[in-house]
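Inspection log for the structure reproduced underneath, given as C-alpha cells.
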Amino acid sequence: MNARPNCVEAWFGDAYSQLDPRIRRLHRAGGVLTGACQVSMATGLRGLLGHLLAWRLGVPRAGLHQLQITVCVEENALVWKRRFDDGSEFASVFVPVGRYPGGHWIESSSAMRVVLGVELSNGGWRWRQRELGLGSLRIPDWLAPKVEAGKEIQGEHYAFSVAVSVPVFGVVLSYGGKLDPAMP
C-alpha cells in the first residue's frame with residue numbers, strides 16, 4: 001500500500017518520476033546534506049550590492065565554507081534550513097501552488113517572497129523566478145534582483161548553484177557546491 005504523496009510529489013504529479021531517485025528520496029522524507037560551498041561576490045560597486053544581499057540572506061563572505069542544509073517535508077510545505085560554518089544561517093519555506101508544469105512555488109524567507117516556476121533538468125530542477133516581493137508588495141521586474149538556482153545529482157553528490165543578479169549590474173552574488181547526505 002502506497003502512502004499518500006507529500007506536497008512535492010503531489011505538485012510534480014507524473015513528472016516526479018523524471019527526478020533522480022536521490023532527489024526524490026530527499027524530497028520525500030527530508031534529510032541533511034553537508035559539504036563544501038563556494039561563495040563568490042562581484043567587486044567594486046557590484047560587490048557592495050553582493051555583500052548587502054549576502055548579509056540580508058544570511059550568506060557568509062566570499063570564500064570556501066562548510067554548509068549544512070536540513071530539508072524538512074511538511075504536509076503543505078518544504079522547509080530548507082541552511083547553516084554555514086561561520087554561524088550564518090537562513091531558512092526558506094516553499095509552498096506549492098497549482099501543479100507542474102504550469103504551477104509554481106512561493107519561497108518565503110524573512111520578509112522576502114519569491115514566486116518560482118520549475119524546469120526539469122538532468123534529473124533535477126531549475127527554479128525560474130516569476131516574481132519577487134517584500135511582504136505583500138511586488139517589486140517591479142525591471143527593478144527586482146533575479147535569482148537563478150538549481151539542483152541535480154552529479155556523480156554521487158547533490159550539486160546546487162544559486163546566482164543573484166541585479167538589473168544593470170549583473171551577477172553580484174553566487175554560491176554553490178556539492179553536498180553529501182549526512183550520516184547518522
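The values are calculated or read from the model by the stated rules, or taken from the named source; none is laboratory data. No experiment lies behind these values; they were computed from the predicted model shown. Don't worry about glycine lacking a Cβ; one is built from the backbone with ideal geometry, like all the others, and counts go over all protein chains shown.
Any residue in the stretch 40-50 that is in a strand (DSSP E or B) and not small (Gly, Ala, Ser)?
Scanning the stretch 40-50, I find at least one residue that is in a strand (DSSP E or B) and not small (Gly, Ala, Ser), so the answer is yes.
For residues that are in contact (Cβ under 8 Å) with a residue 12 or more places away in the chain, basic (Lys, Arg) and either surrounded by fewer than 19 Cβ atoms within 10 Å (Cβ to Cβ) or more than 19 Å from residue 92 (Cα to Cα) (or both), tally how many sit in the stretch 131-184.
2
Please specify each residue of the stretch 29-50 satisfying the condition of being farther than 30 Å from residue 76 by Cβ and either touching a residue at least 40 places away in the same chain (Cβ under 8 Å) or among the basic types (Lys, Arg) (or both).
36, 38, 39, 40, 41, 42, 45, 46, 47, 49, 50
Restricting attention to the stretch 54-75, does a residue exist that is out of contact with any Asp or Glu (no Cβ under 7 Å at 6 or more places or on another chain), small (Gly, Ala, Ser), part of a loop (DSSP other than H, G, I, E, B) and on the phi > 0 side of the Ramachandran plot?
Within the stretch 54-75, none of the residues are out of contact with any Asp or Glu (no Cβ under 7 Å at 6 or more places or on another chain), small (Gly, Ala, Ser), part of a loop (DSSP other than H, G, I, E, B) and on the phi > 0 side of the Ramachandran plot.
Please specify each residue of the stretch 97-111 satisfying the condition of being assigned to a strand (DSSP E or B), touching a residue at least 24 places away in the same chain (Cβ under 8 Å) and surrounded by fewer than 20 Cβ atoms within 10 Å (Cβ to Cβ).
If the condition is that a residue be assigned to a strand (DSSP E or B), touching a residue at least 24 places away in the same chain (Cβ under 8 Å) and surrounded by fewer than 20 Cβ atoms within 10 Å (Cβ to Cβ), then 109 is the only one that fits.
Say whether the condition of being in contact (Cβ under 8 Å) with a residue 60 or more places away in the chain and either within 18 Å of residue 167 (Cβ to Cβ) or surrounded by fewer than 17 Cβ atoms within 10 Å (Cβ to Cβ) (or both) is met by at least one residue in the stretch 65-75.
For the stretch 65-75, residues in contact (Cβ under 8 Å) with a residue 60 or more places away in the chain and either within 18 Å of residue 167 (Cβ to Cβ) or surrounded by fewer than 17 Cβ atoms within 10 Å (Cβ to Cβ) (or both): present.
Pull up the stretch 39-88, narrow it to residues that are polar (S, T, N, Q) and under 25 Å from residue 144 (Cβ atoms), then point me to the one that is modelled with the highest pLDDT.
Per the criteria, the residue is 40.
Can you find, within the stretch 115-125, the residue that is surrounded by the fewest Cβ atoms within 10 Å (Cβ to Cβ) among those that are part of a strand (DSSP E or B) and modelled with pLDDT of 95 or more?
Looking at residues that are part of a strand (DSSP E or B) and modelled with pLDDT of 95 or more, I get 119.
For residue 130, state whether it is basic (Lys, Arg) and over 17 Å from the mean Cα position of the chain (by Cα).
Answer is no for this residue.
Taking the condition of being in contact with a strand residue (DSSP E or B) (Cβ under 8 Å, 6 or more places away or on another chain), outside any helix (DSSP H, G or I) and among the small types (Gly, Ala, Ser), how many residues in the stretch 1-33 meet it?
The total comes to 2.
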